[in-house]
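To keep things clear, I will list the structure first and then write my remarks on it.
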Amino acid sequence: MKIHIDIDCFFVSAARIVEPGLEHKAVAIGGRSDTKIFNKDAKNQTVNFENTGSFVPTFYKAYEKKDDDIASFTDANGKIRGILTTSSYEARSFGIKTAMTIREALQLCPHLIIKAPNMSLYQKLSHELHEFLCTKIPLVEQASIDEFYGDLSGWVEDKDIPAFIDTLRHEILHVLKLPVSIGAAPTRYIAKLATTYAKPFGSKVIDKYNFDSFVNPIVVGDFAGIGKSMKQKLYGAQIHTLGDIRKRRGTLESWGPYSTDLYKRINGEVDAAIKTSHKRKSIGISRTMDPLYDRRELKRRVHILTRHLAYAILKLDVIPTVFHLGIRYEMNQKSHKNISLAELFTEKKFDSLCIKLFNQADTQKRLKVINLSINCSSFTRDSKKELSLIGFNEEQKMKKLTEQTQILREKYGIDTLKWGSEM
Ligand SMILES: [Mg+2]
């Protein structure tokens, strides 16, 4: 059997470890896109590679106690900004939900306590839980910062699984002070579904005896992998529950390979192995900002994002060959540009490339921009043969400069050396 372990309202639970007074209270963690990196005197930026995988943000501002103050979520006009990333079950009983704006949440629950995110604490706890699980289960996969899969086959007999996972969750609470919920099932997809219904602080085992009675009544939107558009499509076909899906194999198959696979995942027919290590496949940076029209300032921000990203790419020691820049505008408009380039990585070249991508992607010049993102992928490692040799010697010189810059930044911080274009 596979198991799925998910920390209950992780960020809140983490805050409660530091501040036990938050126990049993309506608490939420509020987030604002960290636009402080665009400030000319930006500092305290942190880069993290501790848990590799896309689920851990690479760049974030180090936590400071004063960020907990509601004032830190208030802008210059006295308006409360930001959204909630996590809320306690006590807060949820007031209708508080993830992704709700802080303003809305305070209207529903005026005594809601809002705390700032503390990424390094989450990473530390996540890492500790991973280590702990590895001592208990032979195969552990980290699926996100607060989610893990494990394979118990040949380790725990099926009949002992209910007691095993129940003990495990109490041990985790005892040792790490983290409340988790655990689901067990023949496949990882059903195990994850079981966890959803075990929450908070519960465990649930799905086997061949209760499979139908558990799966069939569940509404389609509760299955991971069914998003908004798929949900609409299913509703359109009079499919509302997972039981309905299981009766409509033909319909799902006629919609193509994704739907066919979805059918099999729900029916417990397919599974994926537990992967114990994740190899990073891409790295990116993104910032949401107050609507901004000034193209010169936007380009300055592209330079800043580029500098942070270049630092991370060099630190990872990879050579990306696919570059993506995305722009989100007000009024729900979007635009992006990609380029493939198999050449040595230098910061200067990367910087000009990103500006070029920005110029090409910026097709809605009359609109204000609300988000910029840059993503780099398709890494080649130490593979000179795969890289273009045109201008290779020239580039070697630029590479030296990039390396020197990196050494200084690693020693004194990413903000130590900036290019003139950022000023
Ligand atoms: Mg969770």
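Structural remarks
- Within the stretch 80-101, residues that are more than 18 Å from HIS24 (Cβ to Cβ) reach partners that are among the basic types (Lys, Arg) and modelled with pLDDT of 90 or more with beta carbons closer than 6 Å, at six or more positions or on different chains, in the pairs ILE80/ARG103.
Results for (1) buried (at least 22 other Cβ atoms within 10 Å of the Cβ); (2) polar (S, T, N, Q), shown as yes or no for each residue.
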residue	(1), (2)
LEU176	no, no
ILE190	yes, no
TYR197	no, no
ILE206	yes, no
GLY225	no, no
GLN232	no, yes
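- Note on the stretch 2-25: among residues that are of a type in the set (A, V, I, L, M, F, W, C) and surrounded by fewer than 23 Cβ atoms within 10 Å (Cβ to Cβ), the one that is nearest to the ligand (Cβ to nearest atom) is ILE17.
- Going through (1) modelled with pLDDT under 95; (2) touching a Gly at 6+ places or on another chain (Cβ under 8 Å) one by one, HIS336 falls short only on (1).
- Pairs meeting the criteria (first residue in the stretch 306-318 and over 16 Å from LEU344 (Cβ atoms), second residue modelled with pLDDT of 85 or more and among the charged types (D, E, K, R), beta carbons under 7 Å, at least 6 apart or on different chains) are THR306/ASP351.
- Out of THR321, THR260, one residue alone is of a type in the set (S, T, N, Q) and crowded, with 17+ Cβ neighbours inside 10 Å. It is THR321.
- Among the residues of the stretch 86-98, those identified as within 14 Å of the ligand (Cβ to nearest atom) and either over 21 Å from PRO179 (Cα atoms) or in contact with a Lys or Arg (Cβ under 8 Å, 6 or more places away or on another chain) (or both) are SER87, SER88.
- Within the stretch 92-146, the set of residues being under 17 Å from ILE7 (Cα atoms) and in contact with a Cys (Cβ under 6 Å, 6 or more places away or on another chain) comprises just one member, VAL140.
- Residues (part of a helix (DSSP H, G or I) and within 16 Å of the ligand (Cβ to nearest atom)) located in the stretch 133-153: LEU133
- Of all residues in the stretch 201-255, those satisfying the criterion of being in contact with a Lys or Arg (Cβ under 9 Å, 6 or more places away or on another chain), within 18 Å of GLU269 (Cα to Cα) and of a type in the set (Gly, Ala, Ser) are ALA224, GLY225.
Conditions tested, residue by residue: (1) among the acidic types (Asp, Glu); (2) farther than 17 Å from CYS134 by Cα; (3) without any contact (Cβ under 8 Å) to a residue 60 or more places away in the chain.
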residue	(1), (2), (3)
HIS170	no, no, yes
ALA185	no, yes, no
LYS192	no, yes, no
ALA198	no, yes, yes
SER203	no, yes, yes
LYS208	no, yes, yes
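- Residue within the stretch 46-64 that is at pLDDT 95 or above, of a type in the set (S, T, N, Q), within 16 Å of the ligand (Cβ to nearest atom) and within 26 Å of PRO200 (Cα to Cα) present: no
- Matching residues, the stretch 1-39, being closer than 30 Å to ILE304 by Cβ, touching a residue at least 24 places away in the same chain (Cβ under 8 Å) and in a loop (DSSP other than H, G, I, E, B): ARG32, SER33, ASP34
The values are calculated or read from the model by the stated rules, or taken from the named source; none is laboratory data. Predicted model only: the values in this text are computed from it and were never measured. With ideal geometry, Cβ positions are generated from the backbone for all residues, glycine too; neighbour counts draw on all protein chains shown.
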